[in-house]
Amino acid sequence: MQAPAWKVWTALGTVYVVWGSTYLFIRLMVRTIPPLLGAGVRFVLAGALVCGFVALRRGPGALRFTPRQLASAAVIGVLMPAGGNGIVTLAEKQVPSGMAALLIASVPLWVAIYRILDGQRVRGGTVGGLVLGFSGVALLLLPGGRPSGAHLAGILLVLLAAASWAGGTFLSPRVDLPADPFVNTGVSMLIGGVVLCVAGLAAGEAPDFVVSRFSAESIAGLLYLIFIGSIPAYYAYLWVLGHAPVSKVATYAYVNPVIAVFLGWLVLSEDVTATVLVGAIVIVASVAMIVRNESRPAASPSPAGSVGARAAPERQR
């Protein structure tokens, strides 16, 4: 039975708004909470909640998986929650939230590059989108047009995070993961969270992880990321993925950064320079080009399927 349109758009709207707003709340969190330990706590708690939800709904047996599946989930956890979201969290100490979102929007571009490196054939429109998209990224790297507070080191970290997230996105359908997407997500979050906590301790963040020193806005940001950004939005994403065409679901890839830029400007008074606007238009247009191009049926199926279908997490933003 086809789901009512209002349910589809409610779920998709949840993905748009919640995932688009996570960059704002990350920026708030890292004001007084050490970034790596903060992100680690976020994913350990969120992963535990997801696994607990599965166990309550379906029994502890639903959490069974093979050693090979656990190893695969560990790889995805390192690449996506840790390497993707964790590095973004670290970078937002030096990069405005809206700009971070624009750079993370390049994930489908990186996925397309991995497909090319893997020897897969891609459409000409995808290649055109790649050229257009990285032209937009290059614009954002120009020193004269960057917004205040955007440091080159932070920008490069966000690009590294995008490449890491895309690596997990590319590998996910190619490795043996738990069949249940919630089990897969919960375990990956837990492992990624543990990796981030270890990295935070190794980086010397422990002395600064004192709850009494955390501001109310940073605590609110962390709680939002755990209870809203990591769980309900992903549930909405999985639901809409099963009730709407992939081409419609994949629109989050170019709607989210627009929402993030707007919220950064509205709430945090982040600068939106002419260069940022042009770069945003170019990147969003390139992502739309790639997602729409890859979502069209092909004359013969490609080995990899659709970039848009795999460009999500989490996506656990």
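The values are calculated or read from the model by the stated rules, or taken from the named source; none is laboratory data. What you see is a predicted model, and the numbers here were worked out from it, not measured in a lab. Note that we place each Cβ from the backbone using ideal geometry, even for glycine, and neighbour counts take in every protein chain shown. Only protein heavy atoms, including side chains, enter the accessible area calculation; ligands, DNA and RNA are left aside. Shrake-Rupley method; radii C 1.70, N 1.55, O 1.52, S 1.80 Å.
Out of the trypsin sites (Lys or Arg not before Pro) in region 2-59, which ones are loop residues according to DSSP with at most 14 other C-beta atoms within 10 Å?
Details: sites: LYS7, ARG27, ARG31, ARG42, ARG57, ARG58; in loops: ARG31.
Those that pass, being in a loop and sparsely packed, are ARG31.
Given a 1.4 Å probe and every protein chain left where it sits, what share in percent of the accessible area of the chain is carbon and sulfur?
Values: 9210 of 13220 Å².
It is 70 percent, rounded to a whole number.
Spin-label pair VAL211-TRP6: with each label point 7 Å from Cα along the Cα-Cβ axis, the two points sit 4.2 nm from one another. Computed from label points 7 Å out along Cα-Cβ, the spacing between VAL278 and LEU238 is 4.4 nm.
In square angstrom, what is the accessible area per residue of the chain with a 1.4 angstrom probe? Walk me through the numbers before you get to the answer.
Working: 13220 Å² over 317 residues.
I get 42 Å² per residue for this part.
Just to confirm the filter: which trypsin sites (Lys or Arg not before Pro) across region 107-205 are DSSP coil and have at most 13 other Cβ within 10 angstrom of their Cβ?
Sites meeting the loop and neighbour criteria: ARG121.
Compute the Rg to Rh ratio over region 34-115 from the alpha carbon atoms, using the Kirkwood formula for Rh, and round to two decimal places.
On the way: Rg = 15.8 Å, Rh = 14.9 Å.
Here Rg/Rh amounts to 1.06.
Each pair of Cα atoms in the chain enters the Kirkwood radius, and Stokes-Einstein at 37 °C and 0.692 mPa s then converts it into a translational diffusion coefficient of 168 µm²/s. Determine, from the Cβ-Cβ distance of THR66 and ARG121 and an R0 of 45 Å, the FRET efficiency 1/(1 + (r/R0)^6), rounded to the nearest 0.05. It comes out at approximately 0.85. Dividing the summed -39500 (n - 2.57) terms of all DSSP H runs of n ≥ 4 by the residue count of the chain sets its mean residue ellipticity at 222 nm at -21500 deg cm²/dmol.
Only Cα pairs under 8 Å and at least 6 apart count here; give the relative contact order of region 85-243 as a rounded whole percent.
Values: 81 pairs, mean separation 48.1, N = 159.
Over region 85-243, the number comes to 30 percent.
Starting with the highest mean, order 179-192, 90-103, 144-157, 229-242 by the number of other Cβ atoms within 10 Å, averaged over the residues of each peptide.
Details: 179-192: 22.9, 90-103: 26.5, 144-157: 15.7, 229-242: 20.1.
Final packing ranking: 90-103, 179-192, 229-242, 144-157.
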